[in-house]
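The values are calculated or read from the model by the stated rules, or taken from the named source; none is laboratory data. Note that the structure is a prediction, hence the values are computed from the model and not measured. Neighbour counts are summed over all protein chains in view; Cβ atoms, including those assigned to glycine, are modelled from backbone coordinates with ideal geometry.
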Amino acid sequence: MAPPLIQLKDISLTFGGTPLLKGVELTVSQGDRLCLIGRNGSGKSTLLKIVAGTVEPDSGSRFVQPGATVQYLSQEPDFSGYPTTLAYVEAGMADGNDHYQAQYLLEQLGLTGQEDPQHLSGGEARRTAIARALAPSPDILLLDEPTNHLDLTTIEWLEGELLSRRCALVLISHDRRFLGNLSRGTAWLDRGQIRQIDRGFNNFEEWRDEVLAEEERDQHKLDRKIVDEEHWLRHGVSGRRKRNVKRLAGLHELRAQRRDYRGAQGNATLAAAEADKSGKLVVEAKGISRSYGDRKIVDEFSIRIQRGDRIGIVGPNGAGKTTLVNMLTGAEAPDSGSFRLGTNLEMATLDQHRESLNPKWSLAEALTGGRGDHVMVGGKPKHVVSYMKDFLFAQEQMRTPLEVLSGGERGRLMLARALAKPSNVLVLDEPTNDLDLETLDVLEEMLSDYEGTVLLISHDRDFLDRVVTSVIVPEGNGKWVEYAGGYTDMLAQRGADLTREGVKGGAEAVKAAKAESVAAAPTAKKKLSFKDKHALDTLPATMAKLQDEIAKQQKLLDDPALYTKDRKKFDAASAAIASAQQQLSESEERWLELEMLREEIESA
């Protein structure tokens with residue numbers, strides 16, 4: 001057996017109450033390809049930081065083989081103090097490293113090296129950090145969610161690059177296909193402890209289910225043994241006092257063992273609040289096109305989407321996936337072509353940017369909108385604590401501010417907000433970001449049971465294969481083609497990956513093209529989109545309701561004795577008025593923006 005490059009022994013760490021890590025043992029040897037698996041909040045990222053040496057445990061030891069080099073890719077790299085992306089990557093290299101590798105990897109990842117690190121998009125930041133981790137060719141590579149913000153083209157490039165390297169690898173990811181292709185061993189962090197097998201991720205779920213089933217059987221046996229001992233204590237022979245005292249002590253130990261048992265965390269209960277059925281036809285587009293300057297984003301695209309279809313949209317960042325979805329949902333008007341929506345459509349949208357929520361809001365405020373203790377789910381009130389538990393939040397987190405939630409918790413929160421709205425069309429833009437494997441399973445089941453229509457943008461190949469009935473892919477120069485089946489079926493029919501001439505260019509090209517189109521005089525007459533028209537018509541009534549709400553809450557706060565008489569009522573009124581004032585300000589700004597746009601269009 002190869003000597004260990006890194007070894008952790010008896011690692012323990014506690015933040016507050018329940019231990020996050022308890023007696024953890026982990027060994028990484030030369031050539032190991034280890035995936036680190038665990039639920040959101042189980043401590044995977046913290047454990048990887050301990051392996052990297054950036055976090056000190058409460059107890060235990062960390063050994064690194066002398067001379068072994070370690071590179072760590074964190075989820076939130078620090079770019080401060082670096083003038084360019086090339087300078088950031090080179091700062092992670094030693095004197096003996098080949099500095100040409102820094103420029104080479106940045107170019108392979110679609111960057112020039114001259115970008116300002118303080119003004120990078122999420123995808124650019126992730127690619128820059130990956131280049132820094134890979135450039136020194138380390139002995140041990142520690143990667144925490146490397147595929148976050150990457151498009152499929154870059155994910156497949158990264159897979160090939162990692163497979164070609166001889167370094168040891170410890171990998172955290174929620175991308176099943178990525179894990180399955182790269183791992184040869186699995187470390188499962190569960191309830192503060194590590195279980196490990198010399199098999200890759202493709203064997204993990206079967207192994208995990210066997211372990212949990214065996215654990216459940218052991219707990220059942222323990223329960224029966226406690227019942228038997230309690231029966232003996234009440235009805236058994238009273239002789240032989242010493243033996244009886246010893247047996248009673250054993251019963252106390254069994255009870256303590258049962259009391260201290262931390263069962264496996266349950267799965268989220270995801271269910272979309274479904275509206276009445278839509279018409280059979282959901283969307284019909286004929287020859288729709290959209291350009292920014294000279295760049296064609298969508299060119300002569302036609303599709304007919306019917307109730308129950310599950311459409312996946314894939315492609316490199318900047319290819320125009322979001323633009324295409326916006327046109328198909330009526331949020332953005334095409335430059336040319338015909339488009340119509342079906343009847344009785346109720347859309348619920350999950351945006352990849354996870355909306356702009358006030359980070360100071362509590363979890364309960366984000367779910368209820370700051371109004372009372374109930375969430376409207378499918379038009380019916382449900383207590384916020386009960387709804388939180390459906391998405392694996394504990395009651396104690398009710399007052400937790402959003403700014404301290406993990407990425408996975410924020411992902412579950414946004415799902416909870418989106419799924420509460422009655423819908424028969426779900427528009428999901430990267431819904432799998434930061435979700436753990438168990439929650440992904442439940443999301444897949446929910447979508448399979450959903451009777452409405454689904455439009456899905458995703459870079460998760462396994463999720464696409466499990467969920468969608470067809471895939472829309474860019475072919476370059478604004479051309480998009482629909483293929484039957486999932487992602488793997490699309491590749492079999494298409495005979496190529498997503499890197500194809502004419503598709504490249506990324507978000508930078510789209511930004512430049514948009515800037516050109518703004519600078520150039522428009523030749524086609526502008527018009528308000530369906531969504532903008534609807535907002536312009538409904539915002540005045542919304543603002544009036546918000547003004548009434550503010551007046552109502554202000555009347556309560558005008559009572560100088562309210563604070564001392566009923567502190568809870570005072571706090572609720574204060575929170576409600578602050579929320580309503582913020583919504584009113586946003587509504588007024590949006591209405592003014594649309595009104596100015598309408599006047600500009602009418603005067604053109």
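For Gly92, indicate whether it is farther than 24 Å from Leu405 by Cα and either out of contact with any helix residue (DSSP H, G or I) (no Cβ under 8 Å at 6 or more places or on another chain) or not assigned by TED's automatic domain parsing to the domain that holds Thr186 (or both). Talk me through it step by step, then tell me what you get.
Working: farther than 24 Å from Leu405 by Cα: yes; either out of contact with any helix residue (DSSP H, G or I) (no Cβ under 8 Å at 6 or more places or on another chain) or not assigned by TED's automatic domain parsing to the domain that holds Thr186 (or both): no.
When the stated conditions are applied, Gly92 does not pass them.
Of everything in region 98-122 that's outside any helix (DSSP H, G or I) and of a type in the set (S, T, N, Q), which residue is modelled with the lowest pLDDT?
Of all residues in region 98-122, those outside any helix (DSSP H, G or I) come to 98-99, 109-116, 120-121.
From what is left, the residues that are of a type in the set (S, T, N, Q) are 112, 114, 121.
Details: Thr112: 93, Gln114: 94, Ser121: 83.
Filtering region 98-122 for residues that are outside any helix (DSSP H, G or I) and of a type in the set (S, T, N, Q), the one modelled with the lowest pLDDT comes out as Ser121.
Scan region 347-400 for residues that are small (Gly, Ala, Ser), under 19 Å from Asp436 (Cβ atoms) and modelled with pLDDT of 80 or more and report the count.
Let us first name the residues in region 347-400 that are small (Gly, Ala, Ser), namely 348, 356, 362, 364, 366, 369-370, 372, 378-379, 386, 394.
Next, only the ones that are under 19 Å from Asp436 (Cβ atoms) stay: 394.
Those still in the list that are modelled with pLDDT of 80 or more too: none.
Final tally of qualifying residues: 0.
Are any residues in region 107-119 free of Cβ contacts under 8 Å to residues at least 40 places away in the same chain and on the phi < 0 side of the Ramachandran plot, and if so, which ones?
Start the filter on region 107-119 by keeping residues that are free of Cβ contacts under 8 Å to residues at least 40 places away in the same chain, which leaves 107, 111-119.
Glu107, Leu111, Thr112, Gln114, Glu115, Asp116, Pro117, Gln118, His119, listed by residue number.
Take region 371-397 and flag every residue that is in a loop (DSSP other than H, G, I, E, B), of a type outside the set (Gly, Ala, Ser) and under 24 Å from Gln553 (Cβ atoms). Reasoning before the result, please.
Looking only at region 371-397, we keep the residues that are in a loop (DSSP other than H, G, I, E, B), and these are 371-373, 378-379, 391-394.
After this cut, where a residue has to be of a type outside the set (Gly, Ala, Ser) as well, the list is 371, 373, 391-393.
The answer is Arg371, Asp373.
In region 141-194, how many are within 30 Å of Ser12 (Cα to Cα), buried (at least 18 other Cβ atoms within 10 Å of the Cβ) and of a type in the set (S, T, N, Q)?
Summing the residues that are within 30 Å of Ser12 (Cα to Cα), buried (at least 18 other Cβ atoms within 10 Å of the Cβ) and of a type in the set (S, T, N, Q) in region 141-194 gives 5.
Here's a check for you: in region 141-171, which residue that is touching a Ser or Thr at 6+ places or on another chain (Cβ under 7 Å) and of a type in the set (Val, Ile, Thr) is nearest to Leu440 (Cα to Cα)?
Top of the filtered list is Thr147.
Please find, among Tyr104, Tyr72, Tyr88, the residue that is without any contact (Cβ under 8 Å) to a residue 60 or more places away in the chain, aromatic (Phe, Trp, Tyr) and in contact with a Lys or Arg (Cβ under 9 Å, 6 or more places away or on another chain). Break it down into steps so the answer makes sense when it comes.
On the way: Tyr104 fails: in contact with a Lys or Arg (Cβ under 9 Å, 6 or more places away or on another chain); Tyr72 fails: without any contact (Cβ under 8 Å) to a residue 60 or more places away in the chain.
Within the list Tyr104, Tyr72, Tyr88, the selection yields Tyr88.
Within region 564-581, which residues are surrounded by 14 or more Cβ atoms within 10 Å (Cβ to Cβ) and assigned to a helix (DSSP H, G or I)?
Restricting attention to region 564-581, the residues satisfying the condition of being surrounded by 14 or more Cβ atoms within 10 Å (Cβ to Cβ) are 566, 569-570, 572-581.
Within region 564-581, Lys569, Phe570, Ala572, Ala573, Ser574, Ala575, Ala576, Ile577, Ala578, Ser579, Ala580, Gln581 meet the criteria.
Please list, ordered by residue number, the strands (runs of 3 or more DSSP E) wholly in region 412-495 having 2 or more residues that are more than 21 Å from the chain's Cα centre (by Cα), farther than 25 Å from Leu367 by Cβ and in contact (Cβ under 8 Å) with a residue 12 or more places away in the chain.
Details: elements: 425-429, 453-457, 470-476, 479-484.
Per the criteria, 470-476, 479-484.
Just checking, does region 313-326 include any residue being in a strand (DSSP E or B), buried (at least 22 other Cβ atoms within 10 Å of the Cβ) and either of a type outside the set (A, V, I, L, M, F, W, C) or at pLDDT 90 or above (or both)? So that I can check it myself, show each step before the final result.
First, the residues of region 313-326 that are in a strand (DSSP E or B): 313.
Next, from what is left, pick out any that are buried (at least 22 other Cβ atoms within 10 Å of the Cβ): 313.
Filter once more, so that each one left must be either of a type outside the set (A, V, I, L, M, F, W, C) or at pLDDT 90 or above (or both): 313.
There is at least one residue in region 313-326 that is in a strand (DSSP E or B), buried (at least 22 other Cβ atoms within 10 Å of the Cβ) and either of a type outside the set (A, V, I, L, M, F, W, C) or at pLDDT 90 or above (or both).
Checking Ser587 against (1) of a type in the set (S, T, N, Q); (2) more than 33 Å from the chain's Cα centre (by Cα); (3) closer than 16 Å to Asp532 by Cβ, which single condition isn't satisfied?
(2)
Kindly evaluate Thr46 against the criterion of being under 27 Å from Glu438 (Cα atoms), part of a helix (DSSP H, G or I) and modelled with pLDDT under 95.
So Thr46 fits the description; yes.
Rundown of residues vs (1) surrounded by fewer than 23 Cβ atoms within 10 Å (Cβ to Cβ); (2) outside the structural domain of Glu159 (by TED's automatic domain parsing); (3) at pLDDT 85 or above, yes/no style:
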site: Val404; (1), (2), (3): yes, yes, no
site: Asp462; (1), (2), (3): yes, yes, yes
site: Asp465; (1), (2), (3): yes, yes, yes
site: Ile472; (1), (2), (3): no, yes, yes
site: Tyr487; (1), (2), (3): no, yes, yes
site: Leu491; (1), (2), (3): yes, yes, yes
site: Lys504; (1), (2), (3): yes, yes, no
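So Gly60 fits all but one of (1) without any contact (Cβ under 8 Å) to a residue 60 or more places away in the chain; (2) over 25 Å from Asp436 (Cα atoms); (3) in a loop (DSSP other than H, G, I, E, B); (4) in contact with a strand residue (DSSP E or B) (Cβ under 6 Å, 6 or more places away or on another chain); what number is the exception?
(3)
Just one of (1) surrounded by fewer than 18 Cβ atoms within 10 Å (Cβ to Cβ); (2) farther than 30 Å from Lys552 by Cα; (3) not aromatic (Phe, Trp, Tyr) trips up Thr400, so point out which.
(2)
So in region 158-178, with the set limited to residues that are closer than 17 Å to Tyr487 by Cα and of a type outside the set (Asp, Glu), which one is nearest to the chain's Cα centre (by Cα)?
Among those residues, the one meeting the criterion is Arg176.
Given the residues Ala561, Ala576, Ala572, Ala580, which is the only one that is of a type in the set (A, V, I, L, M, F, W, C), out of contact with any helix residue (DSSP H, G or I) (no Cβ under 6 Å at 6 or more places or on another chain) and modelled with pLDDT of 80 or more? So that I can check it myself, show each step before the final result.
Details: Ala561 fails: modelled with pLDDT of 80 or more; Ala576 fails: out of contact with any helix residue (DSSP H, G or I) (no Cβ under 6 Å at 6 or more places or on another chain); Ala580 fails: out of contact with any helix residue (DSSP H, G or I) (no Cβ under 6 Å at 6 or more places or on another chain).
That would be Ala572, the only listed residue that is of a type in the set (A, V, I, L, M, F, W, C), out of contact with any helix residue (DSSP H, G or I) (no Cβ under 6 Å at 6 or more places or on another chain) and modelled with pLDDT of 80 or more.
Name the pairs whose Cβ atoms lie under 9 Å apart, with the first residue in region 168-182 and in contact (Cβ under 8 Å) with a residue 12 or more places away in the chain and assigned by TED's automatic domain parsing to the domain that holds Leu26, the second among the small types (Gly, Ala, Ser) and part of a strand (DSSP E or B), and 6 or more positions between them or separate chains?
Correct list of pairs: Ala168/Ser29; Val170/Ala187.
Looking at region 63-85, which of the residues that are assigned to a loop (DSSP other than H, G, I, E, B) and among the β-branched types (Val, Ile, Thr) is farthest from Asp441 (Cα to Cα)? Walk me through it before giving the result.
Narrowing region 63-85 to residues assigned to a loop (DSSP other than H, G, I, E, B): 65-69, 74-84.
In the following step, the residues that additionally are among the β-branched types (Val, Ile, Thr) were identified as 69, 84.
Values: Thr69: 37, Thr84: 40 Å.
By that ranking, first place goes to Thr84.
Do we find a residue being touching an Asp or Glu at 6+ places or on another chain (Cβ under 6 Å) and buried (at least 19 other Cβ atoms within 10 Å of the Cβ) anywhere in region 85-100?
For region 85-100, residues touching an Asp or Glu at 6+ places or on another chain (Cβ under 6 Å) and buried (at least 19 other Cβ atoms within 10 Å of the Cβ): present.
Looking at region 535-561, which of its residues are of a type outside the set (D, E, K, R) and not in a helix (DSSP H, G or I)? Walk me through it before giving the result.
Taking region 535-561 first, the residues of a type outside the set (D, E, K, R) are 535-536, 538-544, 546-547, 550-551, 553-554, 556-557, 560-561.
The answer is Pro560, Ala561.
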